[in-house]
Amino acid sequence: MGNTHQGVEGAWRYPQSHPRKMARTMGIQKIGDIRAWQEAKGLVQLVYTLTGKGAFARNFGLRDQIQRATVSTMSNIAEGFDCDSKFEIARFLSYARRPAVEIQSRCHVAIDIGYITWAELEETYVRARFAKSMVAALRSSVRKQNFFSHLAPLTTPSSLHRQSDSRRSYNWKRRWQETAARRSSHAYRPCVP
């Protein structure tokens, strides 16, 4: 089939010359190659199946909240995939972890109300936890700079941090001394109402 994705002929892929293409060693060429995104997609399908039946389908508030949370996980992974720096990728991946906890919380509400069974709660809870851990592992890999090597570095060299810290410390001490000298002189008079 050649250039396909899940049986669709002619599916779009990043061209070889695209500046955001992923490292070939990881095999990430399109968003569908990221395992965390695949897990989030499976979670979306599971939640939409659960929320589309019975009384759960008629409770628009809870149904919409849990559906939006699942889609948010998947969307933030996709948005991070298209970022220009490792810092931005890590930021969007941290955004992607949070809705997984929301899903777990809302599943407890659904079990309390009687919309889902304990087996459905356990399956959804475990899938959400697994998706969250996959996103966390991906974020950790990005922060360690294991891949996405074509992007700008996540942090600046440590020598720059030390230099700026020492300058900051010197400036703080100098300003404190100047303020103390001004207060001890007669030029400084506190405002008294």
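The values are calculated or read from the model by the stated rules, or taken from the named source; none is laboratory data. In this text the structure is predicted, and so the values were computed from the model without any measurement. Virtual Cβ from ideal backbone geometry, glycine too; neighbours counted across all protein chains shown. Just the protein is used for accessible areas: all its heavy atoms, side chains included, with ligands, DNA and RNA removed. Shrake-Rupley method; radii C 1.70, N 1.55, O 1.52, S 1.80 Å.
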Query raised in the report: Could you say whether any residue in region 153-169 is surrounded by 11 or more Cβ atoms within 10 Å (Cβ to Cβ), assigned to a helix (DSSP H, G or I) and modelled with pLDDT of 65 or more?
Result: no
Query raised in the report: Can you tell me which of Gln45, Gln16, Gln38, Gln67 is of a type outside the set (Gly, Ala, Ser) and at pLDDT below 90?
Result: Gln16
Report summary line: The number of residues in region 106-138 that are under 25 Å from the mean Cα position of the chain (by Cα) and surrounded by 14 or more Cβ atoms within 10 Å (Cβ to Cβ) is 18
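Count, please, the residues in region 43-73 that happen to be within 20 Å of Met134 (Cα to Cα) and open to solvent by less than 10 Å² (accessible area, probe 1.4 Å).
6
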Report summary line: Pairs returned, first residue in region 109-120 that is more than 19 Å from Phe60 (Cβ to Cβ) and at pLDDT 90 or above, second residue that is small (Gly, Ala, Ser) and in a helix (DSSP H, G or I), beta-carbon separation under 9 angstrom, 6 or more apart or interchain, are Glu120/Ala110
Report task. Look through Ile89, Ile103 and report the one residue that is surrounded by 22 or more Cβ atoms within 10 Å (Cβ to Cβ), modelled with pLDDT under 90 and assigned to a helix (DSSP H, G or I). Result -> Ile89
Report summary line: The lone condition Asp33 fails out of (1) open to solvent by 60 Å² or more (accessible area, probe 1.4 Å); (2) under 13 Å from Leu138 (Cα atoms); (3) at pLDDT below 90 is (1)
Query raised in the report: Given Ala57, Ala100, which one is in contact (Cβ under 8 Å) with a residue 12 or more places away in the chain and aliphatic (A, V, I, L, M)?
Result: Ala100
Query raised in the report: Scanning region 121-152 for residues that are of a type outside the set (Gly, Ala, Ser) and in a loop (DSSP other than H, G, I, E, B), which turns out modelled with the lowest pLDDT?
Result: His150
